[in-house]
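Please treat every number below as a calculation from the coordinates, not as lab data. As the structure is a prediction and not an experimental result, all values here were calculated from the model. When we count neighbours, we look across all protein chains shown, and the Cβ atoms used for this are built from the backbone with ideal geometry, even at glycine.
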Amino acid sequence: MLRIVGDEVPCITSISLHEVLTGCQEDQRTQLEKITKKCIIAEHDATAAIIGSEIETRLMKEGKLIGRVDILIAAICQSRDATLVTCDKDFQKIKTLKTVIVQ
């Protein structure tokens, strides 16, 4: 991950952090908590909520709806003009979101 972001400080959404930590084994959880202390944690706020509702409405009209949690993550990234690095190709359905798909 650090090679992808270069000199920038790594960032993770609070929602993504929740997803990653849920179900982790204790040793993995401890490592992840150490790593994320060096990251910016991007929170879902009012701006992200507005953007997220616009994304969800647009995807529903296009018949391309994705999971709500993914919409919340996308909205956080878009509200901060951040690029989302992900393995999930569903995010490509959001045309206004900058993404890097990692295989």
Once the cut-off is 24 Å, how many percent of the Cα-Cα pairs in the chain end up in the long-distance tail? 24
Quick check on my link table: of Lys61/Lys95; Lys38/Lys64; Lys61/Lys89; Lys64/Lys89, which ones sit more than 24 Å apart, alpha carbon to alpha carbon? Lys38/Lys64
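Run the numbers on the chain and let me know its relative contact order in percent, using alpha-carbon pairs under 8 Å that are six or more apart. Numbers along the way, then the final one.
Values: 103 pairs, mean separation 24.1, N = 103.
Dividing the mean separation by the residue count of the chain yields 23 percent.
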Please list the non-local residues whose amide H lies under 5 Å from the amide H of Val85, H modeled 1.01 Å from N, same-chain partners needing a gap of 5 or more. Val100
Two-site label geometry, Lys38 and Thr57: point separation in nm, points 7 Å out along Cα→Cβ: 4.2
